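**Q** There's a structure below that I have some questions on.
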Amino acid sequence: MKRFYLFCNAGMSTSLLASKMQKTADANKLPIEVKAFSDSQMGDIVNEFNPEVILLGPQVKHLYEKVSERYGQDHLVVVIDSTDYGNMDGERVLKKAMKLYKESKGK
């Protein structure tokens, strides 16, 4: 099971997007777990659950460099496209994340 975890300020709107992404994964029988968290929990969540992909909401894109430095060696770090986020397009965000993950693994 691959873990694609989303992080934003409070986790509220991102929870809705994560839910839509999970529904897409489930409908396509993809072994992916999608969850959303507040960025203040990132250290604990990443250390405990070791997600393959860390997705940052557009509202915390300023954290990208810091998160990439800290976790980029072992995790794919991606900023969610603001248009896809605004549209709450879970399918599109999941497809992009999966594509980037596969490319990062050389598959």
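**Q** Any idea which of (1) part of a strand (DSSP E or B); (2) surrounded by 18 or more Cβ atoms within 10 Å (Cβ to Cβ) is the one MET42 doesn't satisfy?
**A** (1)
**Q** Determine, yes or no, whether VAL77 is outside any helix (DSSP H, G or I) and either touching a residue at least 12 places away in the same chain (Cβ under 8 Å) or of a type outside the set (Gly, Ala, Ser) (or both).
**A** On the way: outside any helix (DSSP H, G or I): yes; either touching a residue at least 12 places away in the same chain (Cβ under 8 Å) or of a type outside the set (Gly, Ala, Ser) (or both): yes.
Against the criterion (outside any helix (DSSP H, G or I) and either touching a residue at least 12 places away in the same chain (Cβ under 8 Å) or of a type outside the set (Gly, Ala, Ser) (or both)), VAL77 qualifies.
**Q** Could you list, in sequence order, the residues of the stretch 45-61 that are surrounded by fewer than 18 Cβ atoms within 10 Å (Cβ to Cβ) and in contact with a Leu (Cβ under 8 Å, 6 or more places away or on another chain)?
**A** none
**Q** Could you pull out the residue among THR83, THR14 that is more than 28 Å from GLY106 (Cβ to Cβ), at pLDDT below 95 and of a type in the set (S, T, N, Q)?
**A** Exactly one residue qualifies, and that residue is THR14.
**Q** Which of the residues spanning the stretch 1-24 are of a type outside the set (Ser, Thr, Tyr) and surrounded by 20 or more Cβ atoms within 10 Å (Cβ to Cβ)?
**A** Filtering the stretch 1-24 for residues of a type outside the set (Ser, Thr, Tyr) gives 1-4, 6-12, 16-18, 20-23.
Answer for the stretch 1-24, where residues must be of a type outside the set (Ser, Thr, Tyr) and surrounded by 20 or more Cβ atoms within 10 Å (Cβ to Cβ): PHE4, LEU6, PHE7, CYS8, LEU17, ALA18, MET21.
**Q** Exactly one of (1) open to solvent by 40 Å² or more (accessible area, probe 1.4 Å); (2) over 23 Å from LYS102 (Cβ atoms); (3) not β-branched (Val, Ile, Thr) is unmet by PRO31. Its number?
**A** The number of the failed condition is (2).
**Q** Is it the case that ALA36 is of a type in the set (Gly, Ala, Ser), assigned to a helix (DSSP H, G or I) and surrounded by 15 or more Cβ atoms within 10 Å (Cβ to Cβ)?
**A** The answer is no for ALA36.
The values are calculated or read from the model by the stated rules, or taken from the named source; none is laboratory data. Bear in mind the structure is a predicted one, so any value in this text is a computation, not a measurement. Reconstructed Cβ throughout: ideal geometry from the backbone, glycine too, with neighbour counts over all protein chains shown. Only protein heavy atoms, including side chains, enter the accessible area calculation; ligands, DNA and RNA are left aside. Shrake-Rupley method; radii C 1.70, N 1.55, O 1.52, S 1.80 Å.
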